[in-house]
Amino acid sequence: SVRSNVINELLEDIIVGSEFENVTSLESLKARTHVEEPVNHIFSHVHHTSWIEFQQVDKILDDSQFCQRWKSSTGKEVSLMSEKDMIDVGITAEVKKILGSVSAEAVKKG
C-alpha cells in the first residue's frame, strides 16, 4: 500500500547509517503487523483516524546503547522508546489508544 511504502522510506531514513543498522536489517522491519481496524480519536471536534503498522524490537530496547537519540540521514532527531519510556515522558490520549491497539494485536499474534 502507499502507506506501507511511505513508512518503509521513513524507516530507511532513520536506520541507514545509524548504530541500529548494525543490529537489525531494514528488511526485518518491513515485515510489520498491520492492525485491521483503525484507531479513531476525536480531539477538539477534529476526528483523527490512525491506521497502525507495528514491529516489536524488544531485544534492541533491552540494550541501553540503543536507547539514545541520533540524527537520521536527513537530520531528523530519532529515539527508540519503550512503552514505559513513552508513558514516563507523557503521551496523549490518542497515543494511549494506539498503544492499547498494538498491545491487543500483539496478544492475538502470540
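Read-outs throughout are calculated quantities, based only on the coordinates presented, and are distinct from any laboratory measurement. These numbers were taken from a predicted model, which means no experiment stands behind them. Cβ coordinates were reconstructed from backbone atoms using ideal geometry, including for glycine residues, and neighbour counts include every protein chain displayed.
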Find how much the distance from LYS96 to GLU53 grows on full extension, using 0.36 nm per residue of separation minus their present alpha carbon separation; answer in nm with one decimal.
14.0 nm
With a Förster radius of 41 Å, plug the Cβ-Cβ distance of SER79 and GLU36 into 1/(1 + (r/R0)^6) and report the FRET value to the nearest 0.05.
0.90
Projected label distance in nm at VAL16 and VAL107, using a 7 Å step from Cα toward the beta-carbon
3.9 nm
